[in-house]
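Heads up: the structure comes next, in structure tokens.
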Amino acid sequence: MKRILLPLALVVAVSAQAQITANPKAKVDPKNNKVSNPVVEKPKAKLMSRDELRACIDQQDVNGKEAEAIKVEQASYKSNAEGLKAEKTTVEAGEAALGKQIADMKAEKESIVAAHAALTAEASKLDKAELKARNEAYQARVNNFNTMFEAVKAADAEQSAKRKAFGDKVDALDAQFKTLEERTEKHFDANDKWKAECSNKAYDENDEKAIRKERAAAGK
């Protein structure tokens with residue numbers, strides 16, 4: 001299952017300061033002057049070091065920029081996919097038109113072959129004028145067929161180029177999707193790592209201020 005990209009937000013964990021809390025119900029034993037319910041000292045929360053906090057802030061910044069870059073790449077992929085859908089319609093229409101041209105050419109060729117056979121069989125029965133007329137008509141059809149053949153040959157070459165260009169774009173789109181998928185998964189892993197190491201971790205606010213000041217000075 002693919003995960004959906006979510007905006008990253010720094011989890012602000014307020015540093016927990018150890019406090020000494022007196023028990024209001026504590027009683028003093030008059031004989032030994034000892035407190036029957038002693039004061040309980042709460043354990044101190046472990047704060048991230050400044051270096052650890054800096055690493056978390058830097059990683060969050062990297063994750064955030066990567067999330068935005070992935071969104072841009074997703075938009076590019078979507079645009080390319082939509083463009084290929086439109087181009088596919090054009091290529092398919094060209095294939096259909098070429099198919100009809102080839103079918104028409106084959107039919108004309110068969111018809112010419114049949115006409116030649118008929119003319120050959122009937123030639124001896126025809127007078128010179130009729131034979132000449134039928135020969136000229138046959139030759140005209142052959143010439144027209146040759147023109148048709150050249151046109152279909154050119155159309156086939158053009159369609160082959162379009163077909164190859166479209167196929168290359170499909171391969172490029174598939175490659176773009178694979179790269180985007182791998183990049184997204186790496187981003188999710190980096191985000192999960194940040195959550196495990198940085199989310200809900202206590203830190204000193206003074207360290208954060210110092211780090212923010214450093215980053216501002218560095219133009220980050």
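The values are calculated or read from the model by the stated rules, or taken from the named source; none is laboratory data. A quick note: this is a predicted structure, and the numbers were derived from the prediction, not measured. Quick reminder, even Gly has a Cβ in these numbers, built from the backbone with ideal geometry, and neighbours come from all protein chains shown. Heads up: the accessible areas ignore ligands, DNA and RNA and are worked out on the full protein's heavy atoms, side chains in. Shrake-Rupley method; radii C 1.70, N 1.55, O 1.52, S 1.80 Å.
Scoring F149 on the criteria (1) closer than 30 Å to D58 by Cβ; (2) free of Cβ contacts under 8 Å to residues at least 60 places away in the same chain; (3) touching a Lys or Arg at 6+ places or on another chain (Cβ under 9 Å) leaves a single failure, condition (1). Whether a residue is modelled with pLDDT of 95 or more and closer than 30 Å to A96 by Cα was assessed, and K162 passes this test. Residues considered: A202, A190, A218. Of these, the only one that is at pLDDT below 95, more than 30 Å from Q101 (Cα to Cα) and within 34 Å of the chain's Cα centre (by Cα) is A218.
Within the span defined as region 164-176, one or more residues are in contact (Cβ under 8 Å) with a residue 40 or more places away in the chain, aromatic (F, W, Y) and in a helix (DSSP H, G or I). Considered as a group, the residues in region 172-210 that are polar (S, T, N, Q) and more than 30 Å from S79 (Cα to Cα) include one that is least open to solvent (accessible area, probe 1.4 Å), and that residue is S199. All of A121, A86 fail the test of being in a helix (DSSP H, G or I), surrounded by fewer than 10 Cβ atoms within 10 Å (Cβ to Cβ) and over 48 Å from the mean Cα position of the chain (by Cα), apart from A121. Quick check on my filter: what residues within region 45-80 are of a type in the set (V, I, T) and open to solvent by 40 Å² or more (accessible area, probe 1.4 Å)? Across region 45-80, the qualifying residues are V62, V72.
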